[in-house]
1. Do you know which of the residues in the range A:98-138 that are closer than 23 Å to residue A:40 by Cα, within 11 Å of chain B (Cβ to nearest Cβ) and touching a residue at least 40 places away in the same chain (Cβ under 8 Å) is farthest from the chain's Cα centre (by Cα)?
2. Name the residue that is nearest to residue B:41 (Cα to Cα), counting only residues in the range A:171-210 that are more than 8 Å from chain B (Cβ to nearest Cβ) and of a type in the set (A, V, I, L, M, F, W, C).
3. So, in the range A:1-47, how many residues would count as being away from chain B (no Cβ under 14 Å) and among the β-branched types (Val, Ile, Thr)?
4. Working only within the range A:105-120, note down all residues that are closer than 19 Å to residue A:136 by Cα, assigned to a helix (DSSP H, G or I) and not β-branched (Val, Ile, Thr).
5. Only one of these conditions is not met by residue B:219: (1) more than 14 Å from chain A (Cβ to nearest Cβ); (2) in contact (Cβ under 8 Å) with a residue 24 or more places away in the chain. Which number is it?
6. Within the range B:160-190, track down each residue that is over 12 Å from residue B:213 (Cα atoms) and of a type in the set (Gly, Ala, Ser).
7. If residue A:150 meets every condition in (1) within 24 Å of residue A:44 (Cα to Cα); (2) free of Cβ contacts under 8 Å to residues at least 24 places away in the same chain apart from one, which number is that one?
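None of the figures in this text is laboratory data; all of them are computed from the coordinates on show. Values in this document were obtained by computation on a predicted structure and should not be read as measured data. Here Cβ is always computed from backbone atoms with ideal geometry, including for glycine, and neighbour counts include all displayed protein chains.
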Amino acid sequence: MSVTEMFSYIQGFLSADQDVREDIRKVVQNLEQTAREILTVLQSVHQPSGFKEKGQLCSLAGKHFTASVECTGGEESFEIESEFHEHWRFVLQRLAFLAAFAVYLESENLVTREEVAQILGIEVVREKGFHLDIEDFLAGVLIMASELSRLAVNSVTAGDYSRPLRISNFINELDSGFRLLNLKNDPLRKRYDGLKYDVKKIEEVVYDLSIRGLAKESESGGN
Amino acid sequence: MNKREGEGWSRRNVEAAQEHDVHANPSSPIVAAFKVFQQELDTKHDKYERLVKISRDVTIESKRTIFLLHRQLIQLNYLNLFNVLCGFMMVVFRALGIQEYVEAVSFLHYIRHRSLISLEEINARLVFMRTENAPPLGAHVLTFQVTPADYLLGVADLTGELMRLCIGSVGNGDIDTPFQLSQFLRQIHDGFSYIGNTGPYEVSKKLHTLRQSLGKVEDACYTLRVRGSEIPKHMLADVFSSRTTHMDTEEGVV
């Protein structure tokens, strides 16, 4: 094989790579659009009107994104996955956040990684196909934490005094959970460093409620 | 500010905090879940560290091999070298230092065959049979695939070695090799020009170095042609020895 032949052979691979990149970009764009739509639906939780029915709505929205993710999973084999991970890392984290948020609104529990993967229609184990990385999952959980701190503030505005207390418990547990992890100096670590501000915000809300006796009132009445 | 105190404390004593948390909420499902995450993350990080370690080893071995090749060229002791190479090839499994490996292997290949090693040939060498403590399934075949991008970057590195080889061989009074090399380098350069900007972004950086190397080799060939007839062969070696040192210092600066 001459040098020129070798190079045109390599060029073939490179342009194939380029094509895959293009394909992924398109799929990711779709996913981002869907993620934004779901987020819009979930955002109405912050409105004074109740969110029970919103919880139902978001699972409906969840159906919507299952389809989109599935098409990614089919297209990209797991061999390619590590190489192009950067392309969809962001959107996958958003989707993990949305799934975690939706599950929290419904059950007030922390979503498991398996559940998220199931909602998104992807795998947990890398070998089985398109998978949800543990770091992406945890990043999604952390995004949810800051969303919950917002929810705590807004639910007080809406007159629900018991929810902030429950959120506070939840976030505190989450915080102790994250403290168990030996994080490296990576993006996840930076995200985790932001968690304390969420904790602080919620604790301030709880403090405001307790000092005015509103927390007690809701405990006897609400729970 | 109770809260602030709490923060400072947790940052100072993460370890103690962990203990505290575990004792505080041993039954919490969230903490239980995070214990699983902890293990998983640790395993992942450990694996990553091992990879980094191996890839450093591969890089070091590759560089050593290249220098060995440069030193041993005069004795043409290839067989011995090949054994050395085979030894460390076994180390290469799932490593990031693969570009250096490509560089070393393609350099060896060039010296033996005067041609560019192909991607298939490299990959064909990276098939290992796991014989010792074989699993019950019998001989296990492990393969490692060099990606086209790594191959390309490895070949780009190879050109630097070829430049050194060229200048060195002139210094040794070998007149033919520089011309062969300059032709070969030109072919590689043309190949890279063909790839252009479509490749990984490191390529354009290496292309610059490649141009410099090519320039040096072409200059050497030029001098050889122009002054070769004027200077007797035994003196030519002297002329180029001084020139080589000049080149080397230049290389050092770049």
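1. It comes out as A:110.
2. Residue satisfying both the conditions and the ranking: A:188.
3. 8
4. A:113, A:114, A:115, A:117, A:118, A:120
5. Answer for residue B:219: the failing condition is (2).
6. Those that are over 12 Å from residue B:213 (Cα atoms) and of a type in the set (Gly, Ala, Ser): B:168, B:169, B:171, B:173.
7. The failed condition is (2).
For (1) assigned to a helix (DSSP H, G or I); (2) away from every other protein chain (no Cβ under 11 Å), each residue gets a yes or a no:
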position: B:156; (1), (2): yes, yes
position: B:161; (1), (2): yes, yes
position: B:167; (1), (2): yes, yes
position: B:170; (1), (2): yes, yes
position: B:174; (1), (2): no, yes
position: B:177; (1), (2): yes, yes
position: B:187; (1), (2): yes, no
position: B:200; (1), (2): no, no
position: B:205; (1), (2): yes, yes
